[in-house]
Structures are given as C-alpha cells and as structure tokens.
Amino acid sequence: MMSGMPDREETIVGLPTDDAVVAALRAGDEAMFAAMLDTWSQGMLRLARSYVSTSDSAEEVVQDTWLAVIRGIDAFEGRSSLKTWVYRILVNTAMKRGARESRTVPWSSAFDGDGGSPHDGARFRDADAPFPGSWKEVPAAWPAPEGEILASEVRTEIAAALAALPARQRTVITLRDIEGCTSEEVCEILEISPANQRVLLHRARSAVRDRLEEYFETARRSA
Amino acid sequence: MKRFRCQELVELATAYVDRELDEPARLGFEDHMAECLPCARYVDQFRMTVHALGHLPFDEPPATLSEHTRSTLLAAFRATRPKPPESPDRDTTPPERPATHPGWQTTHAHPPALHSDRPAAQSD
Ligand SMILES: [Zn+2]
C-alpha cells in the first residue's frame with residue numbers, strides 16, 4: 001500500500017489498540033499487517049542487529065519473527081502488550097541466530113560476561129585515604145551546546161560504544177534508551193528482574209558516557 | 001535524608017535520572033549534587049548521554065525491511081490468513097494518530113501483567 005513512497009520511514013503511522021489490531025490480523029486484514037510491518041520493523045531491525053553479525057542476518061531474524069507472528073497470533077492472549085509479545089519472539093529468534101553465529105553467549109548464563117561495575121576503584125579515593133569514595137579528579141566539562149553532542153563524530157562514538165557492549169547490556173540500552181521502552185516492558189521482553197534490568201542499563205549508559213568523555217578529552221588535547 | 005559518597009552517587013545515576021529513587025534517597029542525592037561539582041557534572045553528562053541515545057538519527061542502512069522481504073511477508077500473510085470473502089473491502093489507510101515516541105507507540109489495551117504470554121514461536 002505504501003510501497004514506492006520514498007519517505008516511508010518518515011511516515012508516522014499510529015496503530016489502533018492491541019485488541020483492534022489482533023482482531024484485524026485474525027480476520028486476515030492485510031492492510032493492518034502492512035501497517036504493523038511499516039511501523040515496527042525499523043526498531044526490530046536495530047534490536048536484531050545487536051545480536052547478529054550482518055544486516056542480512058538481522059533482516060532474516062525480523063522476517064522469521066513476523067512469520068511466527070502470522071502463525072501464532074491466534075495464541076496471543078493479551079496478557080502482555082502485543083508489542084512486548086512480538087519483541088519477545090524477536091529476542092528469542094535473534095538469540096538462537098546469534099548463538100549459531102557465536103556472537104552472543106546464552107542469556108541464561110546471566111551476568112558472567114558483563115564485567116564489574118564501570119566505576120570500581122579507579123576514579124575514587126580508597127577507603128583509607130582522606131575523603132574515601134570521593135573523586136580523585138574532577139570530570140572535565142563537555143562542550144556546552146546541546147547540539148554538539150549530536151554532531152556526527154559524536155554519533156560515531158556512541159555507535160562504537162554500543163557495538164562494544166556485552167550483548168545483554170546492548171539489548172537493554174537499545175530497548176530502553178533508543179526504542180523508548182519502559183523498564184517494565186524490558187523486564188517482560190527479556191524475562192529479567194527489575195534489579196537486573198537496572199544494573200545492565202546503568203553499566204551500558206556508564207560505558208557510553210565514558211566513551212564520550214574519552215572522545216571529548218582527546219578532542220580537547222588535540223585542539 | 002540519606003547521605004552519599006561520590007562513588008555511591010555515581011552508581012545510582014541511572015536510578016536517579018529514571019526517577020526510581022525513593023524520596024529520602026532522591027533528597028540526599030540532590031543535596032550532594034548541590035555541594036559537589038564533580039558529581040553534578042557527572043550526572044549532567046550522564047543525562048546528556050541518555051538524551052543523545054534517544055535522539056540518534058538512523059540514516060545508515062538498513063533503515064527498514066527490503067521491498068523483497070516486505071512483499072514476501074505480505075504474501076505469507078495472505079497465504080496463512082486468507083480474508084473471508086464476505087467481508088467488505090476496507091480502507092487501506094490505517095488511522096493516523098500522533099506518535100509520542102517513534103519506536104513505541106501502540107496503545108496498551110492491557111495493564112502490565114505479572115504472568116505474560118508465551119510466544120508461540122518459543123519452542124525451546
Ligand atoms: Zn560527589
């Protein structure tokens with residue numbers, strides 16, 4: 001229906017309530033299915049891309065997810081939101097694919113690979129020093145204008161920081177801060193506790209912030 | 001009101017910016033920031049980072065599904081869910097609503113539930 005429109009991604013198409021969407025899909029309403037595809041696929045591709053090594057693989061993961069949705073929509077009971085249900089299928093499909101590509105470790109191995117707290121020790125005074133737990137050095141100020149942080153070099157740094165994250169941190173920060181999910185939704189999609197969700201998100205955000213700090217530091221020294 | 005060391009405060013930055021701290025902790029957090037430039041600066045940078053993540057433009061491919069995948073999926077939908085012949089033709093344009101967030105805009109017909117659906121595709 002909207003194919004051929006060059007600005008398909010810019011077209012903001014809202015969907016009606018879950019109940020209406022599910023009823024339409026079950027009744028074979030292709031226009032509704034197309035609207036879902038066009039509204040959700042971009043975010044799904046971004047999330048899938050964090051599990052697999054190529055964009056082609058990510059597209060296959062999203063395709064397999066939609067095929068499972070077509071087949072499984074009769075089993076949807078409405079106890080979570082439709083999007084949470086679709087995203088959970090996506091995450092499971094992507095993890096299987098990612099495991100085949102050895103890109104990710106199984107989610108069930110929990111926090112083994114996620115390293116320690118990003119701010120352990122290093123930046124803060126030791127327990128036996130004066131003012132224990134306070135900063136050794138004041139963090140340097142960043143360039144002031146808000147626009148600066150969206151400059152293309154900065155975006156490149158952010159993308160690199162995201163790519164370097166352990167898979168679970170990358171998934172959580174992608175869902176929360178890029179896709180705009182609530183913490184409740186992320187816990188449902190990934191089947192993790194609120195505490196685990198917060199730890200993963202905090203480590204991921206800290207890593208991205210630290211990357212930007214290094215970037216601005218380097219930029220200042222070479223200026 | 002709780003008192004924090006800088007190191008503790010930094011560990012709570014996510015809980016603070018997401019407004020997940022309880023009242024005594026939040027007051028202690030803000031009281032510390034008011035007196036501590038390094039922490040105030042850190043939290044400000046943390047907020048900028050989160051803001052930047054939410055406003056990343058995604059102009060790199062793949063922006064969306066390829067036409068090939070899209071038509072494959074529409075064909076699969078037609079094959080799996082044939083439209084009953086008696087239903088009248090519908091307007092093919094879905095209703096438009098303003099979106100608050102580009103990625104996450106469906107109306108939630110149900111409150112978050114404790115026991116959520118198992119996806120049918122999750123066989124192992
Ligand atoms: Zn401090």
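What follows draws every value from the coordinates through simple rules; no lab data is involved. What you see is a predicted model, and the numbers here were worked out from it, not measured in a lab. Here the Cβ positions follow ideal geometry from the backbone for every residue, glycine too, while neighbour counts run over all protein chains shown.
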Quick one: which residues, 5+ away or cross-chain, put their amide H under 5 Å from the amide H of A:Phe124? H built at 1.01 Å from N.
A:Lys136
Would you please give the residues with an amide H less than 5 Å from that of A:Ala27, counting only those at least 5 places away or on a separate chain, with H modeled from the backbone geometry?
none
Mean per-residue count of partner chain Cβ within 10 Å for B:3-16 equals 5
Read phi for every residue in the stretch A:188-195 and hand back ³J(HN,Hα) as whole Hz from Karplus 6.51 cos²θ - 1.76 cosθ + 1.60, θ = phi - 60°, with x for Gly and Pro.
5, 4, 9, 6, 10, 7, x, 5
Throw me the Rg/Rh for the stretch A:173-223, computed over C-alpha atoms with Kirkwood Rh, two decimals.
1.20
Inverse of mean 1/r across different Cα pairs in the stretch A:42-85, Kirkwood, Å:
11.3
For the stretch A:44-49, just list the computed ³J(HN,Hα) in residue order, Karplus coefficients 6.51, -1.76 and 1.60, θ = phi - 60°, integers in Hz, with x standing in for Gly and Pro.
5, 5, 4, 5, 4, 4
When only alpha-carbon atoms count, how far does the stretch B:6-54 stretch along each of its three principal axes, as whole angstroms with the largest first?
29, 23, 15
With the dipole of the stretch B:6-54 worked out from charges on the C-beta (+1 for Lys and Arg, -1 for Asp and Glu) around the Cα centre, which of B:Thr49, B:Leu12, B:Cys36 lies farthest toward the positive end?
B:Thr49
Of B:45-57, A:152-164, A:177-189, A:77-89, ordering from highest average Cβ density within 10 Å down gives A:77-89, A:177-189, B:45-57, A:152-164
